[in-house]
Amino acid sequence: MKIKWLGHAAFHIETAKSRILIDPFFTGNPAFKDEERRDATAGLTHILLTHGHGDHVGDTIAIAKETGATVVANADLAAWLARHGVKALEMGNTGGTINLGAFSTTFVNALHSSAQLTEDGVSHSLGNANGLVLHFEDEPTLYHMGDTDIFSDMALINELHEPAIGIVPIGDRFTMGGAVAALACQRFFKFSTAIPCHYGSFPIIDQTPETFVAGMESASTNVATPHVGGVVEV
């Protein structure tokens, strides 16, 4: 499995059978490199969304129309995307699992919000925020936490799914910060690899993963901090 960080919470996951984008926030993401777009969308099979905020839905509508990739999202967000012309959709909700052939996706809890403003300034709810657990046939289980704070039921997520790879928000202000994220990883999970995200993209969130890395020093987990466009192979 090759995991490429595309800035903020956006990731490209490549396996033998799938090409997956999670939260493809490209346009307007100051950390995203435009030259990555072609590789990120080539042969794309799926787009997975953790929640409805603009910095996570990102370029989903355009990419889905361009590639025909199947979009996986909570039911409210999926209905909104359908109204905006997305054809290939798989909708679910918290606790549910969708079998997508080469892998499955389970929607788990996240402590966050999920909405977008329309041009008239009205905020529209787009379902609950989620984390996503990906189970593959021949690859390690991956858990993208989405945007979240720490919560004790992370222990149940670990018990039910035993994820080996954790993609962890650490930027503070809108998610847990690095120290709390490190506590979550060590108290509730046994990740072989943890990849921090949701930092370094905007000035008002943490710019580096240093606090998270320091908090993980005593853990046996490999903490991978790729540069934007960098690949972690597991």
| field | Condition check for residue 51: closer than 20 Å to residue 129 by Cβ, crowded, with 16+ Cβ neighbours inside 10 Å and not aromatic (Phe, Trp, Tyr) | value | yes
| Within the range 102-116, can you find the residues that are out of contact with any helix residue (DSSP H, G or I) (no Cβ under 7 Å at 6 or more places or on another chain) and among the hydrophobic types (A, V, I, L, M, F, W, C)? | 102, 103, 107, 110, 111, 115
| task | Take the range 192-223 and flag every residue that is under 21 Å from residue 23 (Cβ atoms) and touching a residue at least 40 places away in the same chain (Cβ under 8 Å). | result | 193, 195, 197, 198, 200, 201, 202, 212
| field | Set 75, 64, 10: member being in contact (Cβ under 8 Å) with a residue 40 or more places away in the chain, of a type in the set (Gly, Ala, Ser), buried (at least 20 other Cβ atoms within 10 Å of the Cβ) and more than 14 Å from residue 134 (Cβ to Cβ) | value | 10
| task | Please specify each residue of the range 21-52 satisfying the condition of being touching a strand residue (DSSP E or B) at 6+ places or on another chain (Cβ under 7 Å) and in a loop (DSSP other than H, G, I, E, B). | result | 24, 43, 44, 45, 49, 50, 51, 52
| note | Within the range 101-124, the residues that are open to solvent by less than 50 Å² (accessible area, probe 1.4 Å), closer than 20 Å to residue 147 by Cα and in a strand (DSSP E or B) are 105, 106, 107, 108, 115, 116
| message | On the basis of being more than 20 Å from residue 6 (Cβ to Cβ), charged (D, E, K, R) and either at pLDDT below 95 or open to solvent by less than 50 Å² (accessible area, probe 1.4 Å) (or both), does residue 172 make the cut? | response | no
| note | With criteria (1) more than 27 Å from residue 34 (Cβ to Cβ); (2) open to solvent by less than 50 Å² (accessible area, probe 1.4 Å); (3) in contact with a helix residue (DSSP H, G or I) (Cβ under 8 Å, 6 or more places away or on another chain); (4) not in a loop (DSSP other than H, G, I, E, B), residue 98 comes up short on (3)
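The values are calculated or read from the model by the stated rules, or taken from the named source; none is laboratory data. Computed from a predicted structure; not experimentally measured. Cβ sites come from the backbone with ideal geometry, for glycine too, and all protein chains shown count toward neighbours. Heads up: the accessible areas ignore ligands, DNA and RNA and are worked out on the full protein's heavy atoms, side chains in. Shrake-Rupley method; radii C 1.70, N 1.55, O 1.52, S 1.80 Å.
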